[in-house]
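Inspection log for the structure reproduced underneath, given as C-alpha coordinates.
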Amino acid sequence: VRNLTRVFDVSAPWLNRLIERKPRQSLRAVDDVTFSVPAGGCLSLVGESGCGKSTVARLVTGLYAPSEGTIEFGAEIDGAPLSAQMIFQDPYASLNPRWRVRDIIAEPLRELKLRDTEAEVRARVDELLTTVGLAPRDGGKFPHEFSGGQRQRISIARALATEPRFLVCDEPTSALDVSVQAQILNLMRRLQDELGLTYLFISHDLSVVRHMSDRIAVMYLGRVVEEAETEILFANPRHPYTRLLLQTIPSIENPKRQREAEGGEVPSPLNPPAGCAFHPRCPLADARCSAERPKVIALADGSRLACHRVEEAEAAALSQPATVM
Ligand code: SF4
Ligand code: MG
(Lines give C-alpha, C1' and ligand atoms only; values in the text may rest on other atoms or scores of the structure.)
(Ligands and ions follow the chains in the order given, each with its own letter.)
Protein backbone atom coordinates (compact mmCIF):
# COMPACT_ATOMS: atom_id res chain seq x y z
CA VAL A 1 0.00 0.00 0.00
CA ARG A 2 1.65 3.20 -1.15
CA ASN A 3 0.60 6.78 -0.38
CA LEU A 4 -2.99 5.70 -0.02
CA THR A 5 -5.47 8.55 0.35
CA ARG A 6 -9.23 8.55 0.44
CA VAL A 7 -11.28 11.71 0.54
CA PHE A 8 -15.04 11.59 1.07
CA ASP A 9 -17.43 14.34 0.07
CA VAL A 10 -19.46 14.92 3.22
CA SER A 11 -21.23 18.07 2.06
CA ALA A 12 -24.89 18.55 2.79
CA PRO A 13 -27.16 18.07 -0.27
CA TRP A 14 -26.86 21.01 -2.67
CA LEU A 15 -30.26 22.55 -1.83
CA ASN A 16 -29.50 22.60 1.90
CA ARG A 17 -26.11 24.07 1.13
CA LEU A 18 -27.75 26.79 -0.90
CA ILE A 19 -30.30 27.64 1.80
CA GLU A 20 -27.89 27.46 4.71
CA ARG A 21 -24.98 28.95 2.71
CA LYS A 22 -22.73 26.09 3.65
CA PRO A 23 -19.57 25.31 1.69
CA ARG A 24 -18.68 21.91 0.27
CA GLN A 25 -16.93 19.81 2.85
CA SER A 26 -14.58 16.92 2.42
CA LEU A 27 -13.11 14.41 4.82
CA ARG A 28 -9.62 12.95 4.36
CA ALA A 29 -10.38 9.66 6.05
CA VAL A 30 -7.07 8.17 4.95
CA ASP A 31 -4.17 10.48 4.25
CA ASP A 32 -0.95 9.30 2.58
CA VAL A 33 -0.75 5.89 4.23
CA THR A 34 2.06 3.52 3.27
CA PHE A 35 2.67 -0.01 4.60
CA SER A 36 3.28 -3.55 3.46
CA VAL A 37 2.11 -6.90 4.76
CA PRO A 38 4.54 -9.76 4.14
CA ALA A 39 3.00 -12.96 2.77
CA GLY A 40 2.11 -15.26 5.66
CA GLY A 41 2.46 -12.41 8.13
CA CYS A 42 0.12 -10.20 10.09
CA LEU A 43 0.16 -6.43 10.14
CA SER A 44 -2.26 -4.70 12.47
CA LEU A 45 -3.65 -1.22 12.09
CA VAL A 46 -4.52 0.23 15.48
CA GLY A 47 -6.17 3.46 16.52
CA GLU A 48 -9.26 5.04 18.04
CA SER A 49 -12.53 5.16 16.13
CA GLY A 50 -12.45 7.64 13.28
CA CYS A 51 -8.73 7.20 12.62
CA GLY A 52 -9.36 5.73 9.17
CA LYS A 53 -8.42 2.11 9.84
CA SER A 54 -11.73 0.67 8.62
CA THR A 55 -11.51 2.83 5.51
CA VAL A 56 -8.07 1.35 4.81
CA ALA A 57 -9.60 -2.13 5.20
CA ARG A 58 -12.31 -1.29 2.69
CA LEU A 59 -9.81 0.21 0.26
CA VAL A 60 -7.58 -2.85 0.42
CA THR A 61 -10.49 -5.22 -0.24
CA GLY A 62 -11.77 -3.06 -3.08
CA LEU A 63 -15.02 -1.97 -1.41
CA TYR A 64 -13.85 1.65 -1.85
CA ALA A 65 -11.70 3.12 -4.58
CA PRO A 66 -8.66 5.15 -3.52
CA SER A 67 -8.57 8.90 -4.22
CA GLU A 68 -4.79 8.65 -4.55
CA GLY A 69 -2.12 6.02 -4.08
CA THR A 70 -1.75 2.37 -5.02
CA ILE A 71 -2.48 -1.06 -3.61
CA GLU A 72 -0.56 -3.99 -5.01
CA PHE A 73 -0.75 -7.68 -4.25
CA GLY A 74 2.41 -9.76 -4.58
CA ALA A 75 2.78 -13.03 -6.46
CA GLU A 76 1.61 -14.94 -3.36
CA ILE A 77 -1.83 -13.38 -3.60
CA ASP A 78 -2.12 -12.07 -7.14
CA GLY A 79 -3.94 -14.25 -9.63
CA ALA A 80 -5.89 -16.38 -7.19
CA PRO A 81 -9.62 -15.74 -7.56
CA LEU A 82 -11.11 -13.78 -4.69
CA SER A 83 -7.78 -13.84 -2.95
CA ALA A 84 -8.78 -11.16 -0.47
CA GLN A 85 -11.71 -11.68 1.88
CA MET A 86 -13.00 -9.61 4.74
CA ILE A 87 -14.20 -10.52 8.23
CA PHE A 88 -16.36 -7.88 9.88
CA GLN A 89 -16.86 -6.71 13.43
CA ASP A 90 -20.44 -7.72 13.96
CA PRO A 91 -20.93 -11.40 13.16
CA TYR A 92 -24.67 -11.08 13.57
CA ALA A 93 -25.22 -8.23 11.13
CA SER A 94 -23.06 -9.91 8.51
CA LEU A 95 -24.98 -13.23 8.54
CA ASN A 96 -28.38 -13.52 6.87
CA PRO A 97 -30.73 -14.44 9.77
CA ARG A 98 -33.17 -16.31 7.49
CA TRP A 99 -30.64 -18.66 6.04
CA ARG A 100 -29.37 -21.87 7.51
CA VAL A 101 -25.67 -21.74 8.33
CA ARG A 102 -25.00 -24.37 5.66
CA ASP A 103 -26.42 -22.07 2.96
CA ILE A 104 -24.59 -19.02 4.31
CA ILE A 105 -21.27 -20.82 3.98
CA ALA A 106 -22.23 -22.46 0.67
CA GLU A 107 -23.25 -19.16 -0.96
CA PRO A 108 -19.81 -18.19 -2.37
CA LEU A 109 -19.24 -21.79 -3.51
CA ARG A 110 -22.53 -21.84 -5.43
CA GLU A 111 -22.29 -18.26 -6.66
CA LEU A 112 -18.85 -18.74 -8.13
CA LYS A 113 -19.51 -22.36 -9.14
CA LEU A 114 -16.49 -23.54 -7.20
CA ARG A 115 -17.96 -27.06 -6.85
CA ASP A 116 -19.64 -29.15 -9.54
CA THR A 117 -22.30 -30.93 -7.52
CA GLU A 118 -24.42 -30.24 -4.44
CA ALA A 119 -22.76 -33.24 -2.76
CA GLU A 120 -19.39 -31.55 -3.23
CA VAL A 121 -20.74 -28.26 -1.90
CA ARG A 122 -22.03 -30.09 1.16
CA ALA A 123 -18.73 -31.87 1.74
CA ARG A 124 -16.86 -28.56 1.52
CA VAL A 125 -19.26 -26.86 3.96
CA ASP A 126 -18.80 -29.73 6.44
CA GLU A 127 -15.05 -29.41 6.09
CA LEU A 128 -15.22 -25.63 6.67
CA LEU A 129 -17.43 -26.04 9.74
CA THR A 130 -14.93 -28.51 11.19
CA THR A 131 -12.00 -26.23 10.33
CA VAL A 132 -13.45 -23.42 12.47
CA GLY A 133 -14.31 -25.70 15.39
CA LEU A 134 -18.01 -26.30 14.70
CA ALA A 135 -19.75 -29.59 13.89
CA PRO A 136 -21.20 -30.50 10.47
CA ARG A 137 -24.65 -30.83 12.09
CA ASP A 138 -24.45 -27.12 13.06
CA GLY A 139 -25.00 -26.39 9.37
CA GLY A 140 -28.70 -27.10 9.77
CA LYS A 141 -29.23 -24.32 12.33
CA PHE A 142 -29.88 -20.61 11.97
CA PRO A 143 -27.48 -17.83 13.09
CA HIS A 144 -29.59 -16.85 16.11
CA GLU A 145 -29.11 -20.31 17.57
CA PHE A 146 -25.41 -19.55 18.11
CA SER A 147 -23.43 -17.42 20.56
CA GLY A 148 -21.46 -14.38 19.36
CA GLY A 149 -18.23 -16.34 19.26
CA GLN A 150 -19.80 -19.19 17.28
CA ARG A 151 -21.30 -16.70 14.84
CA GLN A 152 -17.85 -15.24 14.26
CA ARG A 153 -16.65 -18.81 13.55
CA ILE A 154 -19.40 -19.06 10.92
CA SER A 155 -18.25 -15.76 9.36
CA ILE A 156 -14.71 -17.07 9.23
CA ALA A 157 -15.87 -20.32 7.61
CA ARG A 158 -17.71 -18.34 4.95
CA ALA A 159 -14.68 -16.11 4.36
CA LEU A 160 -12.50 -19.22 3.92
CA ALA A 161 -14.88 -20.89 1.46
CA THR A 162 -13.17 -19.42 -1.60
CA GLU A 163 -9.71 -20.37 -0.29
CA PRO A 164 -8.45 -16.80 0.04
CA ARG A 165 -4.77 -16.17 0.71
CA PHE A 166 -5.37 -12.83 2.36
CA LEU A 167 -7.87 -11.89 5.05
CA VAL A 168 -8.72 -8.39 6.15
CA CYS A 169 -10.18 -8.59 9.63
CA ASP A 170 -11.96 -5.44 10.84
CA GLU A 171 -12.32 -5.64 14.64
CA PRO A 172 -13.34 -9.31 14.41
CA THR A 173 -13.48 -9.76 18.18
CA SER A 174 -14.50 -6.38 19.54
CA ALA A 175 -18.19 -7.35 19.83
CA LEU A 176 -17.27 -10.42 21.91
CA ASP A 177 -16.66 -11.09 25.60
CA VAL A 178 -13.00 -11.09 26.60
CA SER A 179 -12.84 -14.88 27.15
CA VAL A 180 -14.43 -15.53 23.76
CA GLN A 181 -12.11 -12.99 22.11
CA ALA A 182 -9.12 -15.11 23.08
CA GLN A 183 -10.69 -18.25 21.56
CA ILE A 184 -11.36 -16.51 18.24
CA LEU A 185 -7.87 -14.99 18.15
CA ASN A 186 -6.37 -18.43 18.83
CA LEU A 187 -8.49 -19.91 16.04
CA MET A 188 -7.32 -17.20 13.67
CA ARG A 189 -3.68 -17.84 14.54
CA ARG A 190 -4.12 -21.58 14.02
CA LEU A 191 -5.79 -21.01 10.65
CA GLN A 192 -2.98 -18.68 9.66
CA ASP A 193 -0.43 -21.44 10.32
CA GLU A 194 -2.44 -24.25 8.75
CA LEU A 195 -3.59 -22.39 5.65
CA GLY A 196 -0.65 -20.02 5.20
CA LEU A 197 -2.91 -16.97 5.44
CA THR A 198 -1.81 -13.36 5.39
CA TYR A 199 -3.69 -10.98 7.69
CA LEU A 200 -4.37 -7.30 7.77
CA PHE A 201 -5.89 -6.94 11.21
CA ILE A 202 -7.81 -3.86 12.34
CA SER A 203 -8.35 -3.05 16.00
CA HIS A 204 -8.77 -0.19 18.44
CA ASP A 205 -7.05 -2.25 21.11
CA LEU A 206 -3.29 -2.80 21.17
CA SER A 207 -3.60 -5.67 23.65
CA VAL A 208 -5.82 -7.60 21.23
CA VAL A 209 -3.35 -7.45 18.37
CA ARG A 210 -0.24 -8.01 20.46
CA HIS A 211 -0.14 -11.79 20.02
CA MET A 212 -1.41 -11.78 16.45
CA SER A 213 0.85 -9.29 14.75
CA ASP A 214 4.35 -9.30 13.38
CA ARG A 215 4.13 -5.55 12.93
CA ILE A 216 1.79 -2.84 14.15
CA ALA A 217 0.96 0.46 12.50
CA VAL A 218 -0.65 3.05 14.77
CA MET A 219 -3.03 5.44 13.03
CA TYR A 220 -4.23 8.84 14.16
CA LEU A 221 -6.68 10.99 12.17
CA GLY A 222 -6.04 9.28 8.85
CA ARG A 223 -2.26 8.93 9.10
CA VAL A 224 0.19 6.32 10.32
CA VAL A 225 2.14 7.92 13.18
CA GLU A 226 4.26 4.92 14.17
CA GLU A 227 4.93 1.53 12.63
CA ALA A 228 7.20 -1.04 14.21
CA GLU A 229 7.73 -4.71 14.89
CA THR A 230 5.33 -5.78 17.64
CA GLU A 231 8.12 -6.53 20.14
CA ILE A 232 9.76 -3.16 19.55
CA LEU A 233 6.48 -1.28 19.78
CA PHE A 234 5.63 -2.76 23.16
CA ALA A 235 9.17 -2.62 24.57
CA ASN A 236 9.93 0.87 23.31
CA PRO A 237 6.89 2.84 22.16
CA ARG A 238 8.31 6.09 20.79
CA HIS A 239 5.39 8.12 19.52
CA PRO A 240 3.49 10.01 22.26
CA TYR A 241 0.21 8.70 20.83
CA THR A 242 1.39 5.08 20.94
CA ARG A 243 2.37 5.65 24.56
CA LEU A 244 -1.05 7.03 25.31
CA LEU A 245 -2.71 4.00 23.71
CA LEU A 246 -0.54 1.66 25.76
CA GLN A 247 -1.41 3.50 28.97
CA THR A 248 -5.10 3.18 28.23
CA ILE A 249 -5.03 -0.62 28.16
CA PRO A 250 -7.14 -1.32 31.25
CA SER A 251 -5.58 -3.66 33.76
CA ILE A 252 -7.16 -5.81 36.48
CA GLU A 253 -5.46 -3.69 39.17
CA ASN A 254 -6.65 -0.46 37.64
CA PRO A 255 -9.77 -0.81 35.50
CA LYS A 256 -10.38 2.95 35.62
CA ARG A 257 -7.07 3.74 33.99
CA GLN A 258 -8.72 4.04 30.62
CA ARG A 259 -10.60 7.21 31.55
CA GLU A 260 -7.78 8.91 33.40
CA ALA A 261 -5.31 8.57 30.58
CA GLU A 262 -7.51 9.66 27.74
CA GLY A 263 -5.81 13.03 27.40
CA GLY A 264 -8.89 14.65 25.90
CA GLU A 265 -11.10 13.87 22.96
CA VAL A 266 -10.05 12.96 19.44
CA PRO A 267 -10.55 16.09 17.31
CA SER A 268 -13.00 15.88 14.45
CA PRO A 269 -11.45 14.44 11.29
CA LEU A 270 -13.52 17.03 9.40
CA ASN A 271 -11.43 19.80 10.83
CA PRO A 272 -8.10 18.28 11.87
CA PRO A 273 -5.66 20.44 13.85
CA ALA A 274 -2.85 22.12 11.90
CA GLY A 275 0.71 20.85 12.16
CA CYS A 276 0.85 17.53 13.99
CA ALA A 277 -2.80 16.50 14.33
CA PHE A 278 -2.02 15.03 17.75
CA HIS A 279 -0.68 18.28 19.22
CA PRO A 280 -3.82 19.28 21.22
CA ARG A 281 -3.52 16.03 23.18
CA CYS A 282 0.25 15.65 23.23
CA PRO A 283 2.15 16.22 26.50
CA LEU A 284 5.35 16.97 24.52
CA ALA A 285 3.88 19.45 22.04
CA ASP A 286 5.76 22.69 21.42
CA ALA A 287 5.34 25.60 19.00
CA ARG A 288 6.73 23.66 16.05
CA CYS A 289 4.15 20.91 16.55
CA SER A 290 1.17 23.20 15.99
CA ALA A 291 2.74 24.80 12.91
CA GLU A 292 4.50 22.05 10.99
CA ARG A 293 3.32 18.59 10.13
CA PRO A 294 5.95 15.95 11.00
CA LYS A 295 7.19 13.76 8.15
CA VAL A 296 7.42 10.00 8.42
CA ILE A 297 11.03 9.06 9.08
CA ALA A 298 12.61 5.60 9.00
CA LEU A 299 14.71 4.52 11.96
CA ALA A 300 17.63 2.09 12.03
CA ASP A 301 15.55 -0.76 13.53
CA GLY A 302 13.03 -0.61 10.68
CA SER A 303 10.44 1.41 12.58
CA ARG A 304 8.78 4.42 10.98
CA LEU A 305 7.63 7.46 12.91
CA ALA A 306 6.08 10.87 12.42
CA CYS A 307 6.97 13.10 15.38
CA HIS A 308 9.21 16.18 15.61
CA ARG A 309 10.42 15.36 19.10
CA VAL A 310 11.35 11.76 18.24
CA GLU A 311 13.08 13.00 15.11
CA GLU A 312 15.06 15.58 17.11
CA ALA A 313 16.01 12.98 19.72
CA GLU A 314 17.18 10.56 17.01
CA ALA A 315 19.25 13.29 15.35
CA ALA A 316 20.83 14.24 18.68
CA ALA A 317 21.66 10.60 19.43
CA LEU A 318 23.32 10.19 16.03
CA SER A 319 25.44 13.31 16.44
CA GLN A 320 26.77 12.19 19.85
CA PRO A 321 30.42 11.17 19.62
CA ALA A 322 30.88 7.44 20.10
CA THR A 323 31.86 6.54 23.65
CA VAL A 324 35.55 5.81 23.91
CA MET A 325 36.44 3.20 26.51
FE1 SF4 B 1 3.59 15.43 20.04
FE2 SF4 B 1 4.82 17.19 18.51
FE3 SF4 B 1 5.41 14.63 18.28
FE4 SF4 B 1 3.07 15.56 17.42
S5 SF4 B 1 5.08 16.07 16.62
S6 SF4 B 1 3.41 13.72 18.61
S7 SF4 B 1 2.63 17.11 18.97
S8 SF4 B 1 5.77 15.93 20.07
MG1 MG C 1 -14.17 0.75 12.40
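The values are calculated or read from the model by the stated rules, or taken from the named source; none is laboratory data. Just so it is clear, the structure is predicted and the values come from calculations on it, not from any experiment. Note: ideal-geometry Cβ built from the backbone for every residue, glycine included; neighbour counts use all protein chains shown.
Can you tell me which residues in region 110-124 are surrounded by 10 or more Cβ atoms within 10 Å (Cβ to Cβ) and either outside any helix (DSSP H, G or I) or of a type in the set (Lys, Arg) (or both)? Lay out the reasoning, then the answer.
Of all residues in region 110-124, those surrounded by 10 or more Cβ atoms within 10 Å (Cβ to Cβ) come to 110-112, 114-115, 118, 120-124.
Within region 110-124, Arg110, Leu112, Leu114, Arg115, Arg122, Arg124 meet the criteria.
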| message | Looking at Arg223 and the list (1) in contact with a Leu (Cβ under 9 Å, 6 or more places away or on another chain); (2) modelled with pLDDT of 95 or more; (3) crowded, with 23+ Cβ neighbours inside 10 Å, which single condition is not satisfied? | response | (1)
| Restricting region 299-325 to residues that are assigned to a loop (DSSP other than H, G, I, E, B), out of contact with any Lys or Arg (no Cβ under 9 Å at 6 or more places or on another chain) and among the polar types (S, T, N, Q), which is farthest from ligand 1 (Cβ to nearest atom)? | Thr323
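Take Leu95 and decide whether it is more than 24 Å from the chain's Cα centre (by Cα) and either modelled with pLDDT of 95 or more or outside any helix (DSSP H, G or I) (or both).
Details: more than 24 Å from the chain's Cα centre (by Cα): no; either modelled with pLDDT of 95 or more or outside any helix (DSSP H, G or I) (or both): yes.
It is false that Leu95 is more than 24 Å from the chain's Cα centre (by Cα) and either modelled with pLDDT of 95 or more or outside any helix (DSSP H, G or I) (or both).
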| Matching option when the condition is more than 16 Å from ligand 2 (Cβ to nearest atom), at pLDDT 90 or above and charged (D, E, K, R), among Glu231, Glu253 | Glu231
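Let's see how each residue does on (1) touching a residue at least 60 places away in the same chain (Cβ under 8 Å); (2) in contact with a Lys or Arg (Cβ under 7 Å, 6 or more places away or on another chain):
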residue: Arg153; (1), (2): no, no
residue: Cys169; (1), (2): yes, no
residue: Ser179; (1), (2): no, no
residue: Leu191; (1), (2): yes, no
residue: Leu197; (1), (2): yes, yes
residue: Leu200; (1), (2): yes, no
residue: Ser203; (1), (2): yes, no
residue: Leu206; (1), (2): yes, no
residue: His211; (1), (2): no, no
| message | Return the residues of region 189-208 that are among the hydrophobic types (A, V, I, L, M, F, W, C) and either at pLDDT 95 or above or in a strand (DSSP E or B) (or both); say none if nothing qualifies. | response | Leu191, Leu200, Phe201, Ile202
| Any idea which residue in region 272-298 is farthest from Leu27 (Cα to Cα), counting only those that are in contact (Cβ under 8 Å) with a residue 40 or more places away in the chain and more than 11 Å from ligand 1 (Cβ to nearest atom)? | Val296
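Scanning region 44-70 for residues that are outside any helix (DSSP H, G or I) and among the charged types (D, E, K, R), which turns out surrounded by the fewest Cβ atoms within 10 Å (Cβ to Cβ)?
Result: Glu68.
Go through region 194-247 and report how many residues are away from ligand 1 (no atom under 16 Å from the Cβ) and either among the small types (Gly, Ala, Ser) or more than 25 Å from Glu72 (Cβ to Cβ) (or both). Explain how you work it out, then say what you get.
Step one: filter region 194-247 for residues away from ligand 1 (no atom under 16 Å from the Cβ), giving 194-216, 229-232, 234-235.
When the remaining residues are screened for being either among the small types (Gly, Ala, Ser) or more than 25 Å from Glu72 (Cβ to Cβ) (or both), the result is 194, 196, 203-208, 210-211, 213, 231-232, 234-235.
Here the count works out to 15.
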| request: Could you list, in sequence order, all residues of region 1-43 that are over 26 Å from Glu72 (Cβ atoms), assigned to a loop (DSSP other than H, G, I, E, B) and free of Cβ contacts under 8 Å to residues at least 60 places away in the same chain? | output: Ser11, Ala12, Pro13, Arg21, Lys22, Pro23, Arg24
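Suppose we filter region 12-41 for residues that are more than 16 Å from Val224 (Cβ to Cβ) and surrounded by 14 or more Cβ atoms within 10 Å (Cβ to Cβ); how many remain?
Taking region 12-41 and keeping what is more than 16 Å from Val224 (Cβ to Cβ), we get 12-27, 38-41.
Filter again for surrounded by 14 or more Cβ atoms within 10 Å (Cβ to Cβ), leaving 12, 17, 27, 39-41.
Qualifying residue count, region 12-41: 6.
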